[in-house]
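The values are calculated or read from the model by the stated rules, or taken from the named source; none is laboratory data. Just so it is clear, the model here is predicted, and its values are computed rather than measured. Glycine also receives a Cβ, built like all others from the backbone with ideal geometry; neighbour counts cover every protein chain displayed.
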Amino acid sequence: MKYLILKKDRFNHFIGLIAKRHTIMAPVSKGYNSYVFQQVTSGDEIALKYIPTIIPPKKYFMPQFETFLEYDKTWGENMNAIVDYEGMVLFGVHTCDIEGIQAINIVFSDRPKDFNYLARKSKIIIMGLECNEYCDEFASCSMMHNCLPDGGYDLFFTDLGDYFYIHVNTQLGDEVVESLPVFEDATGKNYIELGNLRSRKREVFKNEVGIEYQNIPELLRKTKDSPVWEEVGRKCLSCGNCTNVCPTCFCFNILDDVNLDLKTGRRIRMWDSCQNEAFAMVAGGENFRKERSARQKHRFFKKFKYTVDRYARYFCTGCGRCSRTCMAQIYLKDTLKKLKEEITR
């Protein structure tokens, strides 16, 4: 573990050197308050100040469509397992998205281990980028304790004006910086400036909802039968936007894509959503969460209670994407506030 600085006038050179060796994915502006992770070759293409991208960088760890195997039944049962991955550098990942990657790492490392996911994960270098300011009114990273870095990256960049302060967190990160002649050792002055920034952030990044971090699971337990869920259900369109953009949603479906010869094809994994009406349907047509209110309640419990019980961590990172993309204007912070008001009356 060590600390370095990268002067801003060397940033383009740094990105250029990385691009010669790796595929770089970074946040790029697509218009007013719209950003996506895509391949870049120059530092000028990268948005260093951005609100969370439309789709989180989870898409590089768990692709929307992923081929598991290819088969040919022409002469018996011939199947070929596919493990598809690409080495890359993810630059500019915010702390909320780093937390999301850590969350799904836990899920796919749990038994039974998902070796396709783990193989892909091992080939991705994560370079984080600190948020010096609030994204927008939808963010709840302070409530979720995710506005400051807490591991999960190889390198972490903090913008301190005319230079970046860099935390080298892993051996892989150390190998990257050792191979690039663009860094300088950090000094005590740099560390003080970092501390001043973090102090200012603690004043600005306040708990947006007024619910203590450790009390959220108990809040949901007490409001399991709250009329708030019926209210949310009446608004919900079941479009699945909230789960499609979530950095920790990992539900998927398996589909056999058969060719016209009916003998060859492939088996693919594709994203699915607990907000789809058929998601909880089982044989015989029974649906355990037929009502939209039940599906919305399940989503909140999955983020704030079920995963806490199983993995001892929240699966909401505070990124605000679910609220930002909801066509029915169901806002996570507003829902939690209403639940809190109900038990404090």
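Is it the case that R266 is in contact (Cβ under 8 Å) with a residue 24 or more places away in the chain, touching an Asp or Glu at 6+ places or on another chain (Cβ under 6 Å) and not assigned by TED's automatic domain parsing to the domain that holds V36? So R266 fits the description; yes. Scanning the range 30-74 for residues that are surrounded by 15 or more Cβ atoms within 10 Å (Cβ to Cβ), among the charged types (D, E, K, R) and closer than 24 Å to K20 by Cβ returns a single hit, E45. At least 3 residues being charged (D, E, K, R), surrounded by 14 or more Cβ atoms within 10 Å (Cβ to Cβ) and in the same structural domain as E230 (by TED's automatic domain parsing) is the threshold, and among the helices (runs of 4 or more DSSP H) wholly inside the range 269-345 those reaching it are 292-301, 332-343. With respect to the conditions (1) more than 30 Å from D261 (Cα to Cα); (2) touching a residue at least 40 places away in the same chain (Cβ under 8 Å); (3) aromatic (F, W, Y), F115 lacks only one, and its number is (2). Across the range 15-25, not a single residue is classified as among the basic types (K, R), under 28 Å from R324 (Cβ atoms), without any contact (Cβ under 8 Å) to a residue 40 or more places away in the chain and in a helix (DSSP H, G or I). Candidates are the residues of the range 198-244 that are of a type in the set (A, V, I, L, M) and surrounded by fewer than 17 Cβ atoms within 10 Å (Cβ to Cβ); the one that is nearest to L148 (Cα to Cα) is V204.
Residue-wise test of (1) assigned to a loop (DSSP other than H, G, I, E, B); (2) surrounded by fewer than 21 Cβ atoms within 10 Å (Cβ to Cβ); (3) in contact with a Lys or Arg (Cβ under 6 Å, 6 or more places away or on another chain).
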residue: Y134; (1), (2), (3): yes, yes, no
residue: S140; (1), (2), (3): yes, no, yes
residue: M144; (1), (2), (3): yes, no, no
residue: Y153; (1), (2), (3): yes, no, no
residue: F156; (1), (2), (3): no, no, no
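Does any residue in the range 224-250 that is on the phi > 0 side of the Ramachandran plot come within less than 9 Å, Cβ to Cβ, of a residue that is assigned to a loop (DSSP other than H, G, I, E, B) and buried (at least 20 other Cβ atoms within 10 Å of the Cβ) six or more places away or on a different chain, and which pairs are these? Filtered contacts from the range 224-250: S238/S273; S238/Q275; G240/S273; G240/Q275.
Test N190 against the criterion of being in contact (Cβ under 8 Å) with a residue 40 or more places away in the chain, assigned to a loop (DSSP other than H, G, I, E, B) and in the same structural domain as T53 (by TED's automatic domain parsing), and give yes or no. In short, no. If you go through the range 93-107 one residue at a time, do you hit one that is part of a helix (DSSP H, G or I) and of a type in the set (D, E)? The answer is yes; a qualifying residue exists. Looking at V83 and the list (1) β-branched (V, I, T); (2) within 24 Å of the chain's Cα centre (by Cα); (3) farther than 29 Å from N241 by Cα; (4) modelled with pLDDT under 95, which single condition is not satisfied? Single failed check for V83: (3).
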